[in-house]
Amino acid sequence: PEKLIWLYRQLPVLAAEDLLGLNLVWFQREILNDMFFKDYVLLVLGRGVGKSWMNAIFCVLYAMLYPKTKIGLIAPVFRQACYIFDFIEELYDESPYFRSAVRRQNSRSKGIQRTYQNQIVRFNNGSFIEALPLGDGNKVRGRRYHVVIADEYAQIDEEIIKLVVRP
C-alpha cells in the first residue's frame with residue numbers, strides 16, 4: 001500500500017482515475033498536476049468550466065493521500081465555499097474509495113457534516129477538509145491549515161489574507 005500511495009502522490013491524475021473514477025480532459029489533468037506540485041495556483045477560467053469541481057477533486061485526493069492534512073476552504077461568502085462541498089459530496093456518493101476513507105460518527109451517517117456554521121469531512125487518516133464563513137476573519141482566526149483554497153480570491157479583503165489567512 002505504501003508504494004501505491006507514493007505512486008498516487010506522484011501521479012494525481014492516475015489517483016483521480018483509480019480512486020474517484022474520473023476521466024479528466026487534458027486541461028483538467030494539467031490543473032490537477034499544478035495543484036499538487038506548485039505552491040500557488042490561480043485558476044482563471046470561464047464560468048461553468050469547473051473551477052469549484054477541480055478544487056473539490058484536489059482537496060479530496062490530497063486529504064486521502066497525505067495523512068493529518070488540514071485543508072481550509074475560504075471564500076468571501078460562506079455560500080461560495082459550500083459550493084465546493086456540493087462537489088465533494090458528489091464525489092463521496094460516486095466513489096467507494098472516498099466513502100471508505102471517511103470517518104463516520106455512526107453507521108447511518110454520511111461522514112460529511114454540513115451546517116450553516118461550517119462544513120467538514122474528516123478522514124480516517126486524520127485529515128480533514130473544512131469550510132468556514134470568512135466574514136471579517138474571526139471565524140478563521142486561529143485555524144491552522146496546511147492547504148488553503150481561496151475561492152473568489154479577488155473578492156476577499158487583502159487585510160484578512162495578510163493578517164488572518166497567511167499566518
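Every read-out reported here was derived from the displayed coordinates using simple, explicitly stated rules and does not represent laboratory data. The shown structure was predicted, so the numbers you read here are calculated from the model rather than taken from an experiment. Neighbour counts are summed over all protein chains in view; Cβ atoms, including those assigned to glycine, are modelled from backbone coordinates with ideal geometry.
Listed values, structure above:
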{"item": "Relative packing of 22-29, 38-45, which averages over residues the other C-beta atoms within 10 Å, highest first", "result": "22-29, 38-45"}
{"item": "Neighbourhood net charge (9 Å Cβ-Cβ; Lys/Arg +1, Asp/Glu -1) for ILE129", "result": "+1"}
{"item": "Antiparallel bridge percentage (DSSP; both residues within segment 1-149; nearest 5)", "result": "55"}
